[in-house]
Amino acid sequence: MASPTNKSEFIPATTEIAREAGALLMEYFHQHVKVEYKGDVDLVTIADRKSEALILERIRTRWPSHDILGEEGGLVDNNSDYRWYVDPLDGTTNFAHGFPVFCVSLGLEYKKRLVAGVVYDPTRDELFTAEQGRGAYLNQERIHVSKIANLAESLLATGFPSLKRHKNPNIFFYHQITLHSHGVRRAGSAALDLCDVACGRFDGFWEFNLNPWDTAAGVLLVEEAGGMVSDFSGVAFQLNSRETVASNGLIHAALLREFEAIFEGKGLEELPNPAEYARIRGK
Ligand code: IPD
Ligand code: CA
Ligand code: CA
């Protein structure tokens, strides 16, 4: 059995698995598969299921004693110190609509600490890898978070939940931070958003209610690229945290101050009233 001192053995094999699953996703992507609903707007396709089945089969063959938590299949509990977090298709809504922003995300924990993460974007052939203490890489080139030190000059990303969306206040966060930065993107794959923080394309990212399979690999990538990940109160991120904020570290405190102010209802920018706007439209 692998020991924590020879962790690097995980990256080559995990990369192979992620690439194989990514190739399978691309086959289905070109076929415009049927969409099923797990909930309100929580979608699933045959591609999610087949990708997860393939990944689970490969993990079990290589590391039969490990635990696996997969989004579609739930927990395989072998009482192991190792646990895989598998998102076989992160960005299902994009995938189902033919919008090419999605990935495979595989994170590995040893004794509750993230030790390896692989995110593969098959649409751009971009492979993000990280190992605890050994840095983060994009297609084998070392990556680092950005050096932007002001929120006002930052480009950020967020996402909106597909479950209980009527209960979620993120639109206020989106509005406020859009007006206080260069902009906020909502691309639809949390794992890729985190990778884009790791490689400096985004300066920060936040989201409510992500699951461990969304975050495990991407969080390690951000940390190994020199960034910071916490909950909205600044408490060190845990896989069961219901809030995720990741950044280059330099804008982290400013982002947390924004969140605190929003929760307290302080300094909220006024939303233009559509009825009033309609009266002056075209004038
Ligand atoms: C979703 C994506 C999306 C995020 C949602 C996730 P899925 O994962 O990461 O960006 O906003 O909260 O559920 O369902 O496509 O694997
Ligand atoms: Ca996901
Ligand atoms: Ca998924």
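The values are calculated or read from the model by the stated rules, or taken from the named source; none is laboratory data. Quick caveat: nothing in here was measured; it's all calculated off a predicted structure. No Cβ is skipped: glycine too gets one built from the backbone with ideal geometry, and neighbour counts run over all protein chains shown. Surface areas here come from the heavy atoms of the whole protein model, side chains and all, with no ligands, DNA or RNA. Shrake-Rupley method; radii C 1.70, N 1.55, O 1.52, S 1.80 Å.
Observations, loosely collected:
- Residues in region 228-240 that are open to solvent by 20 Å² or more (accessible area, probe 1.4 Å), at negative phi and not aromatic (Phe, Trp, Tyr): Met228, Asp231, Ser233, Val235, Ala236, Gln238, Leu239, Asn240.
- When Ala157 is tested against (1) under 17 Å from Glu243 (Cα atoms); (2) free of Cβ contacts under 8 Å to residues at least 60 places away in the same chain; (3) in a loop (DSSP other than H, G, I, E, B), just one condition goes unmet, and that condition is (3).
- Filtered residues of region 75-108 (kept if more than 11 Å from ligand 3 (Cβ to nearest atom), over 15 Å from the mean Cα position of the chain (by Cα) and buried (at least 24 other Cβ atoms within 10 Å of the Cβ)): Trp84
- Residue match in region 36-43 (condition: of a type in the set (Phe, Trp, Tyr) and in contact with a strand residue (DSSP E or B) (Cβ under 7 Å, 6 or more places away or on another chain)): yes
- Listed conditions (1) open to solvent by 10 Å² or more (accessible area, probe 1.4 Å); (2) within 16 Å of ligand 3 (Cβ to nearest atom) are all met by Val119, apart from (1).
- Test: residue in region 41-64 that is closer than 28 Å to Gln132 by Cα, within 13 Å of ligand 1 (Cβ to nearest atom) and outside any helix (DSSP H, G or I): no
- Filtering region 97-116 to residues that are among the aliphatic types (A, V, I, L, M) and more than 13 Å from ligand 2 (Cβ to nearest atom) leaves Leu108, Leu114, Val115, Ala116.
- Flag if Asn209 is in the same structural domain as Met228 (by TED's automatic domain parsing), near ligand 1 (Cβ under 8 Å from one of its atoms) and either hydroxyl-bearing (Ser, Thr, Tyr) or surrounded by fewer than 22 Cβ atoms within 10 Å (Cβ to Cβ) (or both): yes
- Among residues that are of a type in the set (S, T, N, Q) and touching a Cys at 6+ places or on another chain (Cβ under 9 Å), Ser189 is included.
- Residue match in region 242-254 (condition: touching a strand residue (DSSP E or B) at 6+ places or on another chain (Cβ under 9 Å) and modelled with pLDDT under 95): yes
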